[in-house]
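**Student:** Take a look at the following structure, please.
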Amino acid sequence: MTPILEIGEMVISTDKKDYLFRPSFINMTKIGEPKQIVSAYGQLNGAEVQDLITRAVMNYRVIPEWLIKAISKPTYGRNILQTAMIVMQACCDDDCSEIIGEWKSGKRGIVYKNGKMPIADIIVIARELFTHGIIGKAKIRKLQRNEGKNEFSDEFMAIDYISSARAHFGMNREEAEQLTMTEFQMMLKAKYPDEKGFTKEEYDKIMKQDDKRNDELISGKRRLVSRKRK
């Protein structure tokens, strides 16, 4: 079992079994409804806590001590761990509770029973899988005219990307469903080479060089036409 790391696949092995994790479009739908997927991504990356802090600063000018204590409670960490476990299980066709652990009823309510993987690693790997699944990590050239546009959406519509893959690459539904967002981006890049034009970074660099040249012309450090001695 050899994963393709570049598109987000990974294999985690124990002494009993090899577990393949693939953040495909179809597996992303196992996380929840389109809005739940985006919400889970935000929660896993700390958006919920950051939003609380931002609103507190706006209202109180400082972060109240009660909020600091609330954020420090295990509840927040528990929610993030639970989301990370959902993401990892969604990306694996086999029951991977041996690795990620599980929630069980105990004398003090629902408690977490550790798996073979440390909690911190579960969260890091889930974030990586999730990013490959709905954001993509392929390096895609973005033209200056397209930068600054609002591309935020509160829904992740996997079916839109599945349908697009079928239309662009002649895939059947099952093949398109198995693509990760990173793989989809790489395929688009290969089929449709980068358009001509400057990215914002390239445009700013050229303008900076042009401004420097103009300043040197004005100060006399540079001549508009070079003169060669005969």
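The values are calculated or read from the model by the stated rules, or taken from the named source; none is laboratory data. None of these values were measured; they are calculated from a predicted model. Every residue, glycine as well, gets a Cβ built from its backbone with ideal geometry; the counts of neighbours run over all protein chains shown. Heavy atoms of the whole protein, side chains included, go into the accessibility calculation; ligands, DNA and RNA do not. Shrake-Rupley method; radii C 1.70, N 1.55, O 1.52, S 1.80 Å.
**Student:** Among the listed residues 113, 212, which satisfies the condition of being over 24 Å from the mean Cα position of the chain (by Cα), at pLDDT 80 or above, open to solvent by 40 Å² or more (accessible area, probe 1.4 Å) and at negative phi?
**Tutor:** Details: 212 fails: at pLDDT 80 or above.
Only one candidate qualifies: 113.
**Student:** Sticking with this one: In the range 136-159, what residues are at pLDDT 85 or above and in contact with a helix residue (DSSP H, G or I) (Cβ under 6 Å, 6 or more places away or on another chain)?
**Tutor:** So the first thing to find is which residues in the range 136-159 are at pLDDT 85 or above, and the list is 136-138, 155-159.
The answer is 136, 137, 138, 155, 156, 157, 158.
**Student:** Is it the case that residue 194 is open to solvent by 30 Å² or more (accessible area, probe 1.4 Å), more than 21 Å from residue 3 (Cα to Cα), out of contact with any Ser or Thr (no Cβ under 8 Å at 6 or more places or on another chain) and modelled with pLDDT under 85? First the steps, then the outcome.
**Tutor:** Working: open to solvent by 30 Å² or more (accessible area, probe 1.4 Å): yes; more than 21 Å from residue 3 (Cα to Cα): yes; out of contact with any Ser or Thr (no Cβ under 8 Å at 6 or more places or on another chain): yes; modelled with pLDDT under 85: yes.
It is true that residue 194 is open to solvent by 30 Å² or more (accessible area, probe 1.4 Å), more than 21 Å from residue 3 (Cα to Cα), out of contact with any Ser or Thr (no Cβ under 8 Å at 6 or more places or on another chain) and modelled with pLDDT under 85.
**Student:** Take the residues of the range 13-28 that are charged (D, E, K, R) and in contact (Cβ under 8 Å) with a residue 40 or more places away in the chain: which is most open to solvent (accessible area, probe 1.4 Å)? Walk me through how you get there before you give the answer.
**Tutor:** So in the range 13-28, the residues charged (D, E, K, R) come out as 15-18, 22.
From the residues that got through so far, the ones that are in contact (Cβ under 8 Å) with a residue 40 or more places away in the chain too are 16-17, 22.
Values: 16: 165, 17: 80, 22: 40 Å².
Out of the qualifying residues, it is 16.
**Student:** Out of 99, 7, 31, which single residue is crowded, with 21+ Cβ neighbours inside 10 Å, more than 30 Å from residue 171 (Cα to Cα) and modelled with pLDDT of 75 or more? Walk me through how you get there before you give the answer.
**Tutor:** Details: 7 fails: more than 30 Å from residue 171 (Cα to Cα); 31 fails: more than 30 Å from residue 171 (Cα to Cα).
Only one candidate qualifies: 99.
**Student:** Select from the range 160-181 the residues that are within 21 Å of residue 5 (Cβ to Cβ) and either at pLDDT 95 or above or part of a loop (DSSP other than H, G, I, E, B) (or both) and list them in ascending order.
**Tutor:** If the condition is that a residue be within 21 Å of residue 5 (Cβ to Cβ) and either at pLDDT 95 or above or part of a loop (DSSP other than H, G, I, E, B) (or both), then 175, 177, 178, 179, 180 are the ones that fit.
**Student:** Next question, about the same structure. Being aliphatic (A, V, I, L, M) and open to solvent by less than 40 Å² (accessible area, probe 1.4 Å) is the filter here; which residues of the range 79-96 pass it?
**Tutor:** Of the residues in the range 79-96, the ones aliphatic (A, V, I, L, M) are 80-81, 84-88, 90.
Within the range 79-96, 80, 81, 84, 85, 87, 88, 90 qualify.
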